[in-house]
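The values are calculated or read from the model by the stated rules, or taken from the named source; none is laboratory data. Nothing here was measured: the structure is a model prediction, and the numbers come from that model. Every residue, glycine among them, receives a Cβ derived from its backbone with ideal geometry; neighbour counts consider all protein chains shown.
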Amino acid sequence: MMSTEYLPAPDGHIHEECGVFGVYAGQREDVASLTYRALFALQHRGQESAGMGVNDDGVITNYKDIGLVSEAFTPEVLQHMGEGRMAVGHVRYATTGGKSRANAQPLFINHVKGSLVLAHNGNLTNAAELREKLELSGAIFHTTSDTEVIAYTITGQRLQAPSIEEAVSAAMDIIQGAYSLVIMSAQKLIAARDPHGFRPLCIGTLDGGYVFASESCALDAIGARFLRDVEPGEIVVADKDGLRSLREHCGQCPSSLCVFEYIYFARPDSVIDGAAVHEARLRAGAFLALEHPVQADIVIGVPDSGIDAAIGYARQSGIPYGIGFVKNKYIARTFIAPGQKARENKVRLKLNPIAAAVRGKRVVMIDDSIVRGTTCARIVNLLREAGAAEVHVRISAPPFLNPCYFGTDIDSRDNLIACNHTVEEITRIIGADSLGYLSVDSVHKLAAGCGLGFCDGCFTGTYPIPVPQVREKFRFEQKLNKD
């Protein structure tokens, strides 16, 4: 399998989570445009970089760059990518590895038995140890991402395995942590999900071919029909013979889907592991109303992920729901805001309260989380300036008290406000009249219909698998800087 790589001069912007996509068309068509539309639907999962690889009868054209999907893939770039029978796409937010163009995905690897293109969502817990072993055996790394560790582990196993899917299976005995993968070889498209199912991955069908995606909203965007979710531990292969499954890693351990997929990460129109995200957020708001009732005149949600929970709170409490903010859709998360004053101005640019809706009223403001507290404080202040008489903050998640090791950008307790302050203290810090978090018990009741268990380690400190004793977010860069 040959490869050409088309890369523009580095430019664009940098900045949450990751999204993966793959299509096996089975016949030559414009898979680049198809992947482009799917990545657009997954843009909420990563705004730092975007990339894709297109396979046209064994010739792979790779493209990746810093920036949003629309910034990375100009019409000229898409035309260059051309047609093909398969494609893999990725949108990235750095949880392991720095924010550089080299770390953009998908990764392209040449090896003695062929080539592969790999896109990854998640985070390995043993990446540092595996990388050190690979380096000592002569491997040369070109990125600081744990995705390259996965790629080298698979290619190493391919030297003994009779097929790429069996190499992936062997690699799954070695790598640990969270990974939803889409892998393209010369003739096959493969999806794999770690045995705990930390991150979502689903399967669809389109015009006789197959697609894999992080969320079902990507299938809707391209007109594909949802088939099912990839099961934890499952490897699914699409090739000329159709779709088949390897299940030797299934059922090895209890499932542990990241519960924050329902609270924040996923788009509300997605269905993940059998549960509708929109319904889960409505339920979160209803539980909040039962656990933290308050006398108020209006319930509003912080766009976008707080809106569904606000509707649920309003329905349960009987307090009218209202639109409290207008969001400027043209200010992306990539907006550069150095300095305190600039960050405050950024909040004002992105969100503007509707004064007529909140002036003189007791307001219940629903948001999905409080991490450091600074953004929440600024939003509360906006409501005060707009004339709100009272602001009661309700959060549709429990307090963040612990780092995440499985792909969420919470790598330390140092800057988590809930680790250092009581609820009463946080209430004063953010300038609210009251504050209420969703309970951990209620979090586990959000996703009715989901057949998986949940990981709630960021709330409870209880993790489903052993985690590193010391985790430094950019440990690969730090190691390289010391050498």
### Query
How many residues, within segment 47-66, are surrounded by 22 or more Cβ atoms within 10 Å (Cβ to Cβ) and either at positive phi or in a helix (DSSP H, G or I) (or both)?
0
### Task
Would you check if S442 is surrounded by 21 or more Cβ atoms within 10 Å (Cβ to Cβ), under 30 Å from A178 (Cα atoms), at pLDDT 95 or above and of a type in the set (G, A, S)?
no
### Message
Test of understanding: among Y264, Y330, Y321, which residue is of a type in the set (F, W, Y) and at pLDDT 95 or above?
### Response
Y321
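Pick from V237, V211: which is touching a Gly at 6+ places or on another chain (Cβ under 6 Å) and more than 18 Å from A266 (Cα to Cα)? So that I can check it myself, show each step before the final result.
Values: V237 fails: touching a Gly at 6+ places or on another chain (Cβ under 6 Å).
Checking each option against the conditions leaves just V211.
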### Query
Among the residues of segment 217-232, which ones are touching a Cys at 6+ places or on another chain (Cβ under 9 Å) and either small (G, A, S) or surrounded by fewer than 19 Cβ atoms within 10 Å (Cβ to Cβ) (or both)?
A218, F226, L227, R228
### Task
Please go through segment 398-412 and pick out each residue that is crowded, with 21+ Cβ neighbours inside 10 Å and under 11 Å from the mean Cα position of the chain (by Cα).
F406, G407, T408
### Filter result (in a loop (DSSP other than H, G, I, E, B) and within 20 Å of F406 (Cβ to Cβ)) within segment 165-196
M172, D173, I174, I175, Q176, D194, P195, H196
### Message
Against the condition surrounded by fewer than 19 Cβ atoms within 10 Å (Cβ to Cβ) and farther than 30 Å from N381 by Cβ, how does G449 come out, does it pass?
### Response
yes
### Message
For segment 98-122: of the residues being assigned to a loop (DSSP other than H, G, I, E, B) and either under 21 Å from I465 (Cβ atoms) or of a type in the set (A, V, I, L, M) (or both), which is modelled with the highest pLDDT?
### Response
A104
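Report yes if T125 is buried (at least 17 other Cβ atoms within 10 Å of the Cβ), more than 25 Å from V211 (Cα to Cα) and either among the β-branched types (V, I, T) or modelled with pLDDT of 95 or more (or both), otherwise no. First the steps, then the outcome.
Working: buried (at least 17 other Cβ atoms within 10 Å of the Cβ): yes; more than 25 Å from V211 (Cα to Cα): yes; either among the β-branched types (V, I, T) or modelled with pLDDT of 95 or more (or both): yes.
Spelling it out, T125 is indeed buried (at least 17 other Cβ atoms within 10 Å of the Cβ), more than 25 Å from V211 (Cα to Cα) and either among the β-branched types (V, I, T) or modelled with pLDDT of 95 or more (or both).
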### Query
Assuming L480 fulfils every condition listed in (1) among the hydrophobic types (A, V, I, L, M, F, W, C); (2) buried (at least 17 other Cβ atoms within 10 Å of the Cβ); (3) at pLDDT below 95 apart from one, which condition is it?
(2)
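Results for (1) in contact with a strand residue (DSSP E or B) (Cβ under 6 Å, 6 or more places away or on another chain); (2) surrounded by fewer than 20 Cβ atoms within 10 Å (Cβ to Cβ), shown as yes or no for each residue.
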{"residue": "A104", "(1), (2)": "yes, no"}
{"residue": "Q157", "(1), (2)": "no, yes"}
{"residue": "I164", "(1), (2)": "no, no"}
{"residue": "L181", "(1), (2)": "yes, no"}
### Summary
Scanning segment 285-316 for residues that are buried (at least 20 other Cβ atoms within 10 Å of the Cβ), under 17 Å from A357 (Cβ atoms) and not aliphatic (A, V, I, L, M) gives G301, G306, Y313
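Provide a single number: the residues in segment 443-472 that are aromatic (F, W, Y) and in contact with a Pro (Cβ under 7 Å, 6 or more places away or on another chain).
Going through segment 443-472, the residues aromatic (F, W, Y) turn out to be 454, 459, 463.
With in contact with a Pro (Cβ under 7 Å, 6 or more places away or on another chain) added as a condition, the list becomes 459.
Counting residues in segment 443-472 that are aromatic (F, W, Y) and in contact with a Pro (Cβ under 7 Å, 6 or more places away or on another chain) gives 1.
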### Task
Would you confirm whether any residue within segment 293-301 is among the acidic types (D, E) and modelled with pLDDT of 95 or more?
yes
### Task
Would you tally the residues in segment 31-43 being more than 17 Å from L181 (Cα to Cα) and in contact with a Gly (Cβ under 8 Å, 6 or more places away or on another chain)?
4
### Task
Kindly check whether there is at least one residue in segment 71-83 that is modelled with pLDDT under 95, surrounded by fewer than 24 Cβ atoms within 10 Å (Cβ to Cβ) and in a strand (DSSP E or B).
no
### Task
Examine segment 242-260 for a residue that is outside the structural domain of R45 (by TED's automatic domain parsing), in a helix (DSSP H, G or I) and crowded, with 21+ Cβ neighbours inside 10 Å, and state whether such a residue exists.
yes
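Please work out if D269 is at pLDDT 95 or above, closer than 24 Å to G407 by Cβ and part of a helix (DSSP H, G or I). Working first, answer last.
Numbers: at pLDDT 95 or above: yes; closer than 24 Å to G407 by Cβ: yes; part of a helix (DSSP H, G or I): no.
So D269 fails the test.
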### Task
Tell me which of these P162 doesn't satisfy, since it passes every other one: (1) in a loop (DSSP other than H, G, I, E, B); (2) within 15 Å of S115 (Cβ to Cβ).
(2)
### Query
Within the bounds of segment 82-90, is there any residue that is of a type in the set (A, V, I, L, M), assigned by TED's automatic domain parsing to the domain that holds A38 and farther than 16 Å from V211 by Cβ?
no
### Query
Do the conditions hold for I140, that is, is it aliphatic (A, V, I, L, M), surrounded by fewer than 23 Cβ atoms within 10 Å (Cβ to Cβ) and not assigned by TED's automatic domain parsing to the domain that holds D456?
yes
### Task
Please indicate, with yes or no, whether at least one residue in segment 125-141 is out of contact with any Lys or Arg (no Cβ under 7 Å at 6 or more places or on another chain) and within 22 Å of V54 (Cα to Cα).
no
### Members of segment 208-234 that are at pLDDT 95 or above and assigned to a loop (DSSP other than H, G, I, E, B)
S214, E215, G223, A224, V230, E231, P232, G233, E234
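Check I175, I154, I164, I140 and return the single one that is over 24 Å from V59 (Cβ atoms) and modelled with pLDDT of 95 or more.
Details: I154 fails: over 24 Å from V59 (Cβ atoms); I164 fails: over 24 Å from V59 (Cβ atoms); I140 fails: modelled with pLDDT of 95 or more.
Exactly one residue qualifies, and that residue is I175.
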